[in-house]
Amino acid sequence: MLRLGFPVVGVTDIPRAVAFWTSALDLVSAPEWESPTWRTLAHADGSGQALGLMYSESPAEPRPRLHLDLLVDTTAEQEAEVERLVGLGASRVDWELYPPKPDFVVLADPDGNLFCVVDLSRAPSGSS
């Protein structure tokens, strides 16, 4: 039976990506399938795989069709997490496609892969 696995992010520097994503999401690098071109990141509590990092020579997409959404519950938490992620090596993105009152902040990981930090208290699905 077909099952959904986990997202895989293409990166040009595996050790740098491991350092960023393990710190960003409290993950650990798992030995499963480890190679010079692959790392599996797992939840620190042992509950399973979370993210794959695969070596890629292609550049990050400026408008990816698929990206990661990282979720927080409040605006204050969103602001704090954005600052923390920038401190870990993420960069702010001047995203021209923001709606009038965005519930998300677009960042790029150290490889330039875009991802969002979404404030669920302001997300359309969070409104009653």
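Cβ-Cβ distances below 6 Å connect the following pairs, each with a first residue in the stretch 10-32 that is within 15 Å of Ala42 (Cβ to Cβ), a second residue that is small (Gly, Ala, Ser) and open to solvent by less than 70 Å² (accessible area, probe 1.4 Å), and a separation of six or more residues or different chains: Val18/Ser29; Asp26/Ala44; Leu27/Ala50; Val28/Ala42; Val28/Ala44; Ala30/Ala42. Scanning the stretch 68-119 for residues that are open to solvent by 60 Å² or more (accessible area, probe 1.4 Å), part of a loop (DSSP other than H, G, I, E, B) and either in contact (Cβ under 8 Å) with a residue 12 or more places away in the chain or not aromatic (Phe, Trp, Tyr) (or both) returns Asp73, Thr74, Asp94, Glu96, Leu97, Pro100, Lys101. Only one of the numbered conditions (1) in contact with a Ser or Thr (Cβ under 7 Å, 6 or more places away or on another chain); (2) surrounded by fewer than 12 Cβ atoms within 10 Å (Cβ to Cβ) is violated by Arg122, and that is (2). Considering the stretch 1-40, the residues that are among the small types (Gly, Ala, Ser) and surrounded by fewer than 13 Cβ atoms within 10 Å (Cβ to Cβ) include one that is nearest to the chain's Cα centre (by Cα), namely Gly5. Annotation note: Cβ proximity below 6 Å between a residue of the stretch 52-64 that is more than 21 Å from Pro15 (Cα to Cα) and a residue that is surrounded by 15 or more Cβ atoms within 10 Å (Cβ to Cβ) and at pLDDT 95 or above (sequence gap 6+ or interchain) occurs for Pro64/Leu114. Do we have Gly46 as of a type outside the set (A, V, I, L, M) and under 13 Å from Val9 (Cβ atoms) here? Spelling it out, it is not the case that Gly46 is of a type outside the set (A, V, I, L, M) and under 13 Å from Val9 (Cβ atoms). If you go through the stretch 43-66 one residue at a time, how many are surrounded by 14 or more Cβ atoms within 10 Å (Cβ to Cβ) and closer than 19 Å to Arg16 by Cβ? Selection size over the stretch 43-66: 8.
Here Leu2 fulfils each of the conditions (1) free of Cβ contacts under 8 Å to residues at least 24 places away in the same chain; (2) touching an Asp or Glu at 6+ places or on another chain (Cβ under 6 Å) apart from (2).
The values are calculated or read from the model by the stated rules, or taken from the named source; none is laboratory data. This structure is a prediction, so every number in the text was calculated from the model and none was measured. Cβ sites come from the backbone with ideal geometry, for glycine too, and all protein chains shown count toward neighbours. These area figures cover heavy atoms from the full protein model, side chains too; ligands, DNA and RNA do not enter into them. Shrake-Rupley method; radii C 1.70, N 1.55, O 1.52, S 1.80 Å.
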